[in-house]
Amino acid sequence: MSLAIRRTLQLCLLTLVWLPLSGLAQNALSSYTQQQTQFLPVDEAYQLTLVADGDQRLMLQWMIAPEYYLYRHAFKTEASDAEGRISTSLAIPDGLAKTDEFFGDVEVYYDALDATVALERTTELAQIKVTYQGCADAGLCYPPETKSFLWHMASGEIQAGSLATKPTETEAAGADSGGANMGLLAAIAFAFLGGIILNIMPCVFPILSLKALSFTHGSAEQHRRASLVYAVGVIVSFVALASVLVAIQQTGQLIGWGFQLQNTGFVIGLAYLFTVMGLSLNGLIHFGTSMMNVGQSLTEQEGDAGNFFTGVLAVVVASPCTAPFMGTALGYALTQPLVVTLLVFAALGAGMAMPMVILSHSNAAVRSLPKPGPWMDTAKNVLAFPLYLTSVWLLWVAGNQAGVNTMAMALSGLVILALAAYLYGDTTLRKGISIVLIATAIFLAVPSDKNVSRDDSNRILSEGQIAWSAAVLDDYIERGDPIFVDVTADWCITCLANEAAVLFTPEMEQAFIDADIPYMIADWTDYDADIGRFVQSHGRSGIPLYVMYPRGSGSQPVILPQLLTRDIVLTAIEKAR
């Protein structure tokens, strides 16, 4: 047992080094480390003071540290009291023109800034929320910062704080609301449950089925060891993914769960991986006797490595899926210190690995599996076809992201990759030809410049649907008109399932039209900072996200569960109207 523990720890250390040192992770973690050691905390970089300037007007004053600046486009103010929302108007002086590495051509402010916000009406006690975002000349961009103040209008006193508000119905039920206010233990429990549910998602189930097949032969001790090493691979991968996610967010990118699928190259790489796995299961490609006929000569260390990286693969293929409870837990985790974030992600990994560990440790469960025989070859052949379908879907996503030409090039690369896998053999010539073909396939997988407009060509809007616009959404909220926001993406399997089964059915589309509630589609297939801010503002780190804004000025938005039913949506429509 000591040998097993020692080798498992070695695998953990190797992977903790290997994963973060990939290109993206290395750059992101470098930025994060630099920020931690050199950059000012956000409250020191931008010191905000509110001063009453009349009955209904406030002066917002920022003292900005040297070599730091604030963005004009990021300012936002909200006001409310016990009766609901109060309309505001924000007046900001012109800033300095700057070409920024994060947002392009912008207006910014250095040293100091005075702005004013006027309220539409007076009240006894008003809550003022001020949102702003800034960066440092040295290269760090902070996430948007929101401060909340209480203004006693009669006395002019202003202090930090928030009004007590009633939770939304979804929050009261504790089902799937934003996670900003939940506790650590609840977040860990939700993450663990979400990890368990991930096992039945269509993107993960084929991989786990293959893993379960391995328990039909070998000893009970081998099964238990394999499942524990697999669990370590899952947990380490989730922790590594969380580290990369946090590090990238520290650079100012508003990303969340599944962010890697916004990269077309990563999507095409996944399609290649699934196709090669499928061809291998069908026995249509061969990697040479030195790789295939390991049999008895496979060392214990190599066996552990195979189980470990099965866990890594399971996490990779799980990235397009979001299970119930996950959104709430991860939304909380990504607003907390790094240690808490990693702890919640580790709980997510533990939940995902738990069914396999239980299966391996249950003699009754292992005995219930069919005995080894010809059926295993049939099962492997059948399980290859979901992998092929996944590749088709991923290439469709790549085509939507970067155009049909990119999809055609990726398909050509896929054929060349299959040929390389088929030709690979023991001879130097065959290996050399395969390496050249693999290099060609990788070259073809690199996406070309995008030459299509997603709004015009890829998202066809039906009657009553409107494309995402933060300004349009703000107008509806300001007027107190109802509106429904669906944050979706082509790579989000849960989103596509909800749309096909519930949201885009004729009955549901007519229900929105009859209720006169616009259906706003926020397509996050490609990275969009405005949509990222919207997701983050509701305490979420990933999608799907469904938000219903009911009728009435100052009404509180309702976050719907991530798995929808007809009754859930119809009830939300009826209450919103």
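The values are calculated or read from the model by the stated rules, or taken from the named source; none is laboratory data. Nothing here was measured: the structure is a model prediction, and the numbers come from that model. Because the Cβ atoms are built from the backbone with ideal geometry, glycine has one as well, and the counts that use them run over all protein chains shown.
At-a-glance table
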{"quantity": "Odd one out for CYS203 among (1) in contact with a helix residue (DSSP H, G or I) (Cβ under 6 Å, 6 or more places away or on another chain); (2) at pLDDT 70 or above; (3) surrounded by 18 or more Cβ atoms within 10 Å (Cβ to Cβ)", "calculated": "(2)"}
{"quantity": "Residues of the range 321-365 classified as under 21 Å from ILE543 (Cβ atoms), among the polar types (S, T, N, Q) and either at pLDDT below 80 or not assigned by TED's automatic domain parsing to the domain that holds TYR230 (or both), total", "calculated": "4"}
{"quantity": "Selection from the range 57-84 of residues that are surrounded by fewer than 16 Cβ atoms within 10 Å (Cβ to Cβ), charged (D, E, K, R) and in contact with a Ser or Thr (Cβ under 7 Å, 6 or more places away or on another chain)", "calculated": "ARG57"}
{"quantity": "Residues of the range 516-569 that turn out to be among the hydroxyl-bearing types (Ser, Thr, Tyr) and assigned to a loop (DSSP other than H, G, I, E, B), as a count", "calculated": "6"}
{"quantity": "Test for THR406: is it in contact with a Cys (Cβ under 7 Å, 6 or more places away or on another chain) and surrounded by 15 or more Cβ atoms within 10 Å (Cβ to Cβ)", "calculated": "no"}
{"quantity": "Per-region count, the range 403-419, residues part of a helix (DSSP H, G or I), free of Cβ contacts under 8 Å to residues at least 60 places away in the same chain and under 25 Å from ASN263 (Cα atoms)", "calculated": "9"}
{"quantity": "Residue match in the range 306-320 (condition: closer than 28 Å to LEU444 by Cβ, of a type in the set (Gly, Ala, Ser) and at pLDDT 75 or above)", "calculated": "yes"}
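Each row is one residue, and each column tells you yes or no for (1) assigned by TED's automatic domain parsing to the domain that holds SER391; (2) in contact (Cβ under 8 Å) with a residue 60 or more places away in the chain; (3) within 27 Å of ILE200 (Cβ to Cβ); (4) more than 21 Å from the chain's Cα centre (by Cα).
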| residue | (1), (2), (3), (4) |
| --- | --- |
| GLY480 | no, yes, no, yes |
| ASN498 | no, yes, yes, no |
| PHE504 | no, no, yes, yes |
| ASP523 | no, yes, yes, no |
| ASP526 | no, yes, no, no |
| LEU560 | no, yes, yes, no |
